[in-house]
């Protein structure tokens, strides 16, 4: 039997970025109690990418840093900012596409702060009807409006001495924004139907996937509220900007759902992992997690049966211009993906 000869034209590229590839496929552990980051050894050996199915049984960062998994340059920069701002009481504005994990980052800010032993209160501003949002934020007195049969505390009161996470803050209606600005700036407000001023000590973390700069220019968002929220902006990277974290995320989610469904899934085919690393992920980490959950449900054995969609991402043409770090990561992903494909082809030939 004659074996085909495969020439790796990228060998010089591999040698030049090998160390970077290993570094970027480490898992980030963040010690919440100490507030210092550290790294563990690589979860996926380079030889495993080529020679065999990938082992999914090794632990990553389960329970550490609130489920944030990754050691790409983009994630490391974001975690450094989170650690820096957490010890202050400054308002944090989390910016990023849907599905990137902004709520996890908000939780991390709270758990690294001096308020970690108090409440983290969450409110999705887009999920509440506009006519009820004021009551949700500031509370109401009995009889303040039709249906207000009992007195109720708002989220600001519930979060007193703790942290309030306002998700989708760009959806707050214009007529409510002055009252929110006053609560942020003066730390005081009145419940609906009351003239008594309430004072609170609340640290606010806000998040949005909207272009608030554009909304301010279009008069759809108050500039003074924007400046008050934008004290310390933190951009949460998209999954396509940190493709080298995908093996770690796949392992994390596979263990999570396999344990929940009482299944034993230990490996993933190299070609399948290569497909996942090449996909553009318009839905980001949420899309990847949902795909892995579905794959775990459909997998009958110990090897995860998963594949990425074949069609190009509809958001690919809207992707931001790559930075030097993302260009390097794309190079690593391309090389590893080719090695995955070729390693799988060699295994198939060897079985014949």
query: So what's the gap between the Cα centers of the range 250-314 and the range 170-192, to the nearest angstrom?
result: 42 Å
task: Return the percentage of antiparallel bridges among DSSP beta bridges fully within the range 76-235, rounded to the nearest 5 %.
output: 20 percent
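Using a Förster distance of 25 angstrom, determine the FRET efficiency expected from the C-beta separation of residue 84 and residue 185, and round it to 0.05.
Given R0 = 25 Å and the Cβ-Cβ separation, E is 0.60.
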task: With label points built 7 Å along Cα→Cβ from the Cα atoms of residue 195 and residue 132, find their separation and express it in nm.
output: 3.0 nm
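Determine the gain in length on full extension of the stretch residue 231-residue 218; use 0.36 nm per residue of separation and subtract their C-alpha separation, reporting nm with one decimal. Before the final figure, lay out the partial values.
Values: separation 13, 0.36 × 13 = 4.68 nm, distance 2.12 nm.
Working it through step by step, the gained length comes to 2.6 nm.
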message: How far apart, in nanometres, would the label points at residue 142 and residue 307 be if each is projected 7 angstrom from Cα along the Cα-to-Cβ direction?
response: 6.4 nm
field: Approximate spin-label separation residue 174-residue 161, in nm, with each point projected 7 Å along Cα-to-Cβ
entry: 4.0 nm
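Applying a 10 Å radius around every beta-carbon, put 82-92, 271-281, 241-251 in order of their mean neighbour count, most first. Intermediate values should be presented prior to the final figure.
Values: 82-92: 17.8, 271-281: 21.5, 241-251: 25.1.
Those peptides, ordered most packed to least, come out 241-251, 271-281, 82-92.
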message: Among 288-294, 300-306, how do they line up by average Cβ neighbours within 10 Å per residue, starting with the highest?
response: 288-294, 300-306
field: By average C-beta atoms within 10 angstrom, highest first, the peptides 181-190, 104-113
entry: 104-113, 181-190
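Computed from the coordinates by the stated procedures, all read-outs in this text should not be read as laboratory data. All of these numbers come straight from a predicted model, not from anything done at the bench. So basically every Cβ, Gly included, is an ideal-geometry build from the backbone, and we count neighbours across all protein chains shown.
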